[in-house]
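Okay, so here's the structure we're looking at.
The values are calculated or read from the model by the stated rules, or taken from the named source; none is laboratory data. Just so it is clear, the model here is predicted, and its values are computed rather than measured. Note: ideal-geometry Cβ built from the backbone for every residue, glycine included; neighbour counts use all protein chains shown. These area figures cover heavy atoms from the full protein model, side chains too; ligands, DNA and RNA do not enter into them. Shrake-Rupley method; radii C 1.70, N 1.55, O 1.52, S 1.80 Å.
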Amino acid sequence: TATVQQIYSDALEAWRKNPIAWRIIAIITDYVVGDRFTVSSRNPRLNRFIREFWNHPKNRMPLRLESMCDELSRAGDLFVLLFRNPQDGMSYVRFVTKDRILRIVSADNDWETELAYHEVRESGEVRVWLSPEHPEAPDAEAVMLHYAVNRPIGALLGESDLTTVLTWLLRYSRLVEDRVRLHWAARSFLWEVTVPAAAVQAKAEQYRQPPESGSIIVHDEAESWRAVNPNLAAADARHDMQAVRAMIDAGGGFPPHWRGDASDISLATAQAMTGPTERHLTRRQNYFKFVIADLLHHAYRRAAEVGAAPRLASADYDTLFTFSMPDISRFDNQALAQSARDLTHAYCNLA
């Protein structure tokens, strides 16, 4: 647990300070949430509850989706609290960061059934939150939901999408910082003046103060000037930096042109490289859809526990909820439009 928590702290710091880390998380959210992520239900009562919950002033879910997806990708875990209003059964969404989770209590006979979560407050006090699976959860003022990605089998906590690239991001940052410092030093130079041996002492005294920029010095052929500056051999570092960037791209799961490095990639190569990335993003979008469906289901169920809503006969999320989400790939839409146009032209020719 300590190792996972340290990775979370490192990932959060990298996201705050490293533009590549920030961009990796932002790309995932841009594709998963996009500009259109809505949910509804064919069940009239459930659909009315979804609208009230979704747009409630204490929830405002459209404004939370981006930060929820960011946290899930950045931390690998999302801990959600549902506070229930006992008057109308409405639940209010709040969050607890991963670094404050001290312990997860599972059922004795099933480690996947999480029963309680121990949160460490800033004062050092430990607060225990019950999960919906706990027998006493129906009477609790709030319950905690836990969602995780990149979780190894047998583990209770997930891992950040930045886990595999943190080391390489640090190395790349150091490389870039060193190059910046060296290029700053490269702007410095000194004059090497060659004169006859008999004139060295006199010329050294004459040029004790270097000439100002733009000044003119007239001398005979016995005196020569040469500017000396560092030779960085910058081309030698190119391949090393490319190798480190390749490790970052492999760990992040995105082609280099997605983070702005077009290099020598052609259009055909760029299109071919998007396949694995789009599949990864599709899987993440499907999981985020489950997160939202599960959150809504538990919020509605808690309203039903106090008699504010009728109980649902089924817990099949695919039947209960209908999602409208952005397309991960738009090439399919383009291909379908092209096929429709070709069919239209074919029918016109037949007519």
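Some values worked out for this structure:
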| item | result |
| --- | --- |
| Any chance S67 is touching a strand residue (DSSP E or B) at 6+ places or on another chain (Cβ under 6 Å) and of a type in the set (S, T, N, Q) | no |
| Odd one out for S106, checked against (1) open to solvent by less than 70 Å² (accessible area, probe 1.4 Å); (2) within 26 Å of the chain's Cα centre (by Cα); (3) over 21 Å from F321 (Cβ atoms) | (2) |
| Residue in the stretch 120-139 that is surrounded by the fewest Cβ atoms within 10 Å (Cβ to Cβ), counting only those that are assigned to a helix (DSSP H, G or I) and not small (G, A, S) | D139 |
| Restricting the stretch 117-158 to residues that are among the hydroxyl-bearing types (S, T, Y) and free of Cβ contacts under 8 Å to residues at least 40 places away in the same chain, the residue that is nearest to Q5 (Cα to Cα) | Y117 |
| Residue list for the stretch 6-46, filter: open to solvent by less than 30 Å² (accessible area, probe 1.4 Å), closer than 26 Å to L295 by Cα and part of a helix (DSSP H, G or I) | Y8, A11, I24, I25, A26, I27, I28, T29, V32, L46 |
| Failed condition for L63, given (1) exposed (fewer than 13 other Cβ atoms within 10 Å of the Cβ); (2) outside any helix (DSSP H, G or I) | (2) |
| Matching residues in the stretch 73-97 - criterion: being outside any strand (DSSP E or B), touching a Ser or Thr at 6+ places or on another chain (Cβ under 9 Å) and touching a residue at least 12 places away in the same chain (Cβ under 8 Å) | S73, R74, A75, G76 |
| Residues satisfying the stated conditions in the stretch 219-255, i.e. open to solvent by 60 Å² or more (accessible area, probe 1.4 Å), of a type in the set (A, V, I, L, M) and modelled with pLDDT of 75 or more | M247, A250 |
| Within the stretch 78-103, considering residues that are among the hydroxyl-bearing types (S, T, Y) and farther than 18 Å from A148 by Cβ, the one most open to solvent (accessible area, probe 1.4 Å) | Y92 |
| Breaking point among (1) at pLDDT 95 or above; (2) in contact with a Cys (Cβ under 8 Å, 6 or more places away or on another chain), for I28 | (1) |
| Residues that are surrounded by fewer than 21 Cβ atoms within 10 Å (Cβ to Cβ) and among the acidic types (D, E), drawn from the stretch 140-162 | E141 |
| Whichever residue in the stretch 109-119 is open to solvent by 50 Å² or more (accessible area, probe 1.4 Å) and in a strand (DSSP E or B) and, among such residues, is nearest to E52 (Cα to Cα) | E112 |
